[in-house]
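Right, one structure below, let's go through it.
The values are calculated or read from the model by the stated rules, or taken from the named source; none is laboratory data. Model, not experiment: these values are computed from the prediction. As a convention, Cβ positions derive from the backbone with ideal geometry for all residues, glycine included, and neighbour counts pool all protein chains shown.
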Amino acid sequence: MVRFVDRSEAGSRLARRLRPLRDQDPVVLGLPRGGVPVAYEVARALGAPLDVIVVRKLGVPHQPELAVGAVGEDGVMVVNEQALRRAGVGDERLEQVARYEAREVERRARRFRGRHPRLDLTGRTVVIVDDGVATGSTATAACRVARAHGAKHVVVAVPVAPRGWAAGFRHEADEVVALETPRLFLSVGQSYDDFSQTSDDEVAALLDEARVAEGQSHARARIDQDVQVGTLRLPGRLSIPSGARGLVVFAHGSGSSRHSPRNVFVAAELGRAALGTLLFDLLLPDEEDDRRAVFDVPLLADRLADATRWLRSRPETRDLAIGYFGASTGAAAALCAAARPDVEVGAVVSRGGRPDLAGPCLGSVTAPTLLVVGSRDRAVLDLNRQAQAALRCEGRLEVVPGATHLFEEPGTLERVAELAAAWFTEHLRP
């Protein structure tokens, strides 16, 4: 049986199979949560807009993982009568479960889309993507929701499904695609090396990044390419909105990369504020597991400074004011790089950062610096208060109520993005 490394890799492989759809001007809809990282790669390869189609399983009350149907947006419900009889679930109990899941569908739709409207499917080719099909009930409900919203041609595409799965979609989809149909199918997860849970934040971040990529935030350029850092070339992603007033370079924290869902989310918000962004990997793949490299602040600062010089050498970015957005140890690297006299940085923002690790660099920073910490991240909050006292530049400490270190609580990461956008907008000048 062919295996997938993770959902992103599965999405890239699925996208190659779906390339003929490019000419049909498709819309890609991911089934949250696990289907969205797969759908993101498909949408990117097809140059198509990305949205979610929210569907929830109807589980047996005493065994919720056993699905007897599904509910989707706009009250669409699919029931597997045979599974319902086997489980012995009565109409009244089914109705209770359906009401609860319908409320969850609406909540998640609001959480994932935020203030953005649902994409119009009228007359469009719609590609419904999940990380795999087991019973098919959620994908079936998704097909019916897409039809109800005006889809003309519906394609269901997944990396893995059981043999014979297509028969269940004979009256629901116009096309079905599965890369793998293993003879012994036990679960979707058996085909993945990494089948860890996808978070709500990651779904929202991927949707935001897709909107930026599609020009829904008036992006002028979005370039996937290597960043020249000394003799190294590190993978990065550069986005420049039309009329950009500045460009923010992200310095991720320990154990993270340019794919950090929190940084991707903040970058998308900055794009809406007409700020360009660069997310790139500060470490090579073999360095990411080396704790010495992860906490080597001078090394990270060197690479951040080199990336800044690289931006200054490029015609599309050399006239933009540059700021740094650092998280965790990346905040210390951002402050150390900003302290160098040969690196022109207009502003720095730290999210849940460790500015104390910048040590003596703090007194040499001249760029206005905003430190953002969660009120419940008490140890880091104390360290940020000490760092603020050591700064000689314009500095401010913002405490986000109710937030812990990773800003996972509802609305807290949005507040970080709002504060960062305001700070960079105020302080970055061409």
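List the pairs whose first member sits in the range 358-373 and is farther than 16 Å from A251 by Cα and not assigned by TED's automatic domain parsing to the domain that holds T412, whose second member is of a type outside the set (S, T, N, Q) and assigned to a helix (DSSP H, G or I), and whose Cβ atoms are under 6 Å apart, counting only residues at least 6 apart or on separate chains? Every condition considered, no pair remains.
Anything in the range 228-258 that is surrounded by fewer than 24 Cβ atoms within 10 Å (Cβ to Cβ), without any contact (Cβ under 8 Å) to a residue 40 or more places away in the chain and either of a type in the set (K, R) or within 15 Å of E209 (Cβ to Cβ) (or both)? List them, or say none. Within the range 228-258, R233, P241, S257, R258 qualify.
Inside the range 43-117, counting only strands (runs of 3 or more DSSP E) that do not spill past its ends, which hold 2 or more residues that are crowded, with 20+ Cβ neighbours inside 10 Å and modelled with pLDDT of 75 or more?
Here the list reads 50-52, 55-60, 63-72.
Selection of first residues in the range 297-321 that are closer than 17 Å to A334 by Cβ and of second residues that are among the hydroxyl-bearing types (S, T, Y) and modelled with pLDDT under 95, restricted to Cβ pairs under 6 Å at least 6 apart or on distinct chains, gives the following pairs, ordered by first then second residue: L311/T317.
Just one residue in the set V28, V38 is modelled with pLDDT of 95 or more, in a helix (DSSP H, G or I) and either surrounded by fewer than 24 Cβ atoms within 10 Å (Cβ to Cβ) or β-branched (V, I, T) (or both); that residue is V38.
Tallying residues that are touching a helix residue (DSSP H, G or I) at 6+ places or on another chain (Cβ under 8 Å) and modelled with pLDDT under 80 within the range 278-298 yields 4.
With the condition kept exactly as written, say whether any residue in the range 270-277 is without any contact (Cβ under 8 Å) to a residue 60 or more places away in the chain, out of contact with any helix residue (DSSP H, G or I) (no Cβ under 7 Å at 6 or more places or on another chain) and crowded, with 22+ Cβ neighbours inside 10 Å. Checking the range 270-277: at least one residue is without any contact (Cβ under 8 Å) to a residue 60 or more places away in the chain, out of contact with any helix residue (DSSP H, G or I) (no Cβ under 7 Å at 6 or more places or on another chain) and crowded, with 22+ Cβ neighbours inside 10 Å.
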